[in-house]
Amino acid sequence: MTAAELAELDRRISGCRACPRLVAWRESVAATRRAAFRDQEYWGRPVPGFGPAGARVGILGLAPAAHGGNRTGRIFTGDRSGDVLFAALHRAGLANQPTSVARDDGLALRHTRIFAAVRCAPPGNKPTPAERDTCAPWLHREVELIRPTLRVVVALGAFAWAAWWPALSRVYGQRPPSPRPPFGHGALARVTPDSPALLGCYHVSQQNTFTGRLTPSMLDDVLGRAKQLAGLG
Ligand code: SF4
C-alpha cells in the first residue's frame, strides 16, 4: 500500500498552492523561461519526492531550483547540483545511471528517496520561515510513509539539517536534543535507535562544488557512511 500512498501524496503535493509568493514565482519562471530552455514546457509546480517506497536512505534538500526541478518536474533533475548528486549516487550503487536530465530519462534509485524541505522553487533559493513551516507537513507525511524502512537521512546543508528536527518530533514523537547538534559536513546525530540517523553533508550547490568546498570524494564518503548506517554497506 505504501507505494500507492506515496504516489497519491506526490499527486497532492504537485497541486499545492498554499504559499502565494512561491506560487507566483514558480509560475512566472515557468512562463518566462531561461533562453537555453525556451522550447521546453516548464513544470512550474511543486516538485514531489523521488525514489522507491521502501527507501532506507533519505536525502533531504532545501528546495527545487528554478530552472532545474521547477523545469523538469523531478527533484535535482536538469541542473548542475543534480549532475553532481546523481553521479555520486550512481558510484555508490544507489542509482542505475549517473545522469538525470528529464522525468522520462529512465533514472531509478535503489533504496533511496530524495525530497526537499520546501517543494516549490523560491526566489534566490531562500524560502521564508513561514513558507518553510507551511510546507513542512508534506515532508512529515512523506517520512511517515517511508518510516518502516528509513534508517538514515542525509541533510544537504544547514537548512535541511534544521528541517529534520520538526520531522523527528512530528513523525517519531521524539523531542529533539537541546541544544540542537550543529550542522557540519560529516556530522552525525542519532537521537534514539528508533529514529533515523541524521548525517550532514555540504549542499551539492554549484557554489560548493565549483569552489572545491564539496568534492566528489567527500560526497562518496558521506554516501558510503549513509549506506553503512542503513545496513547497505
Ligand atoms: S512550498 Fe510547499 S506548501 Fe508552499 S505552495 Fe509549494 S508545495 Fe505548497
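Summary of values
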read-out	value
Odd one out for Ala65, checked against (1) within 16 Å of the ligand (Cβ to nearest atom); (2) over 24 Å from Ala162 (Cα atoms); (3) in contact with a Ser or Thr (Cβ under 8 Å, 6 or more places away or on another chain)	(2)
All positions within segment 10-20 that are closer than 13 Å to Cys135 by Cα and not β-branched (Val, Ile, Thr)	Arg12, Ser14, Gly15, Cys16, Arg17, Ala18, Cys19, Pro20
Restricting segment 1-56 to residues that are modelled with pLDDT of 95 or more, more than 10 Å from the ligand (Cβ to nearest atom) and basic (Lys, Arg), the residue that is farthest from Thr77 (Cα to Cα)	Arg56
Residue that is nearest to the ligand (Cβ to nearest atom) [pool: residues in segment 147-161 that are part of a helix (DSSP H, G or I) and closer than 23 Å to Pro193 by Cβ]	Ala160
In segment 114-146, residue farthest from the chain's Cα centre (by Cα) [restricted to those that are of a type in the set (Val, Ile, Thr) and in a helix (DSSP H, G or I)]	Thr134
Subset of segment 175-223 [touching a helix residue (DSSP H, G or I) at 6+ places or on another chain (Cβ under 7 Å), outside any loop (DSSP other than H, G, I, E, B) and closer than 17 Å to Val57 by Cβ]	Ala197, Leu198, Leu199, Gly200, Cys201, Leu219, Asp220, Leu223
All positions within segment 72-106 that are over 16 Å from the mean Cα position of the chain (by Cα) and either at negative phi or in a helix (DSSP H, G or I) (or both)	His90, Arg91, Ala92, Asn96, Gln97, Pro98, Thr99, Val101, Ala102, Asp104, Asp105
Residues satisfying the stated conditions in segment 210-221, i.e. in contact (Cβ under 8 Å) with a residue 24 or more places away in the chain, surrounded by fewer than 21 Cβ atoms within 10 Å (Cβ to Cβ) and of a type outside the set (D, E, K, R)	Pro216, Met218
Residues located in segment 193-207, provided they are surrounded by fewer than 21 Cβ atoms within 10 Å (Cβ to Cβ) and under 18 Å from the mean Cα position of the chain (by Cα)	Ala197, Gln206, Gln207
Test: residue in segment 80-98 that is in contact (Cβ under 8 Å) with a residue 40 or more places away in the chain and within 12 Å of the ligand (Cβ to nearest atom)	no
Number of the exception - Trp164 against (1) assigned to a helix (DSSP H, G or I); (2) within 12 Å of the ligand (Cβ to nearest atom); (3) of a type outside the set (A, V, I, L, M)	(2)
All positions within segment 57-70 that are touching a strand residue (DSSP E or B) at 6+ places or on another chain (Cβ under 9 Å) and either small (Gly, Ala, Ser) or surrounded by fewer than 24 Cβ atoms within 10 Å (Cβ to Cβ) (or both)	Gly58, Gly61, Leu62, Ala63, Gly69
Scope segment 71-109; condition of a type in the set (Ser, Thr, Tyr) and crowded, with 21+ Cβ neighbours inside 10 Å; matching residues	Thr72, Thr77, Ser81, Ser100
Selected residue [buried (at least 16 other Cβ atoms within 10 Å of the Cβ) and small (Gly, Ala, Ser)] from Ala230, Ala162	Ala230
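The values are calculated or read from the model by the stated rules, or taken from the named source; none is laboratory data. Bear in mind the structure is a predicted one, so any value in this text is a computation, not a measurement. Every residue, glycine among them, receives a Cβ derived from its backbone with ideal geometry; neighbour counts consider all protein chains shown.
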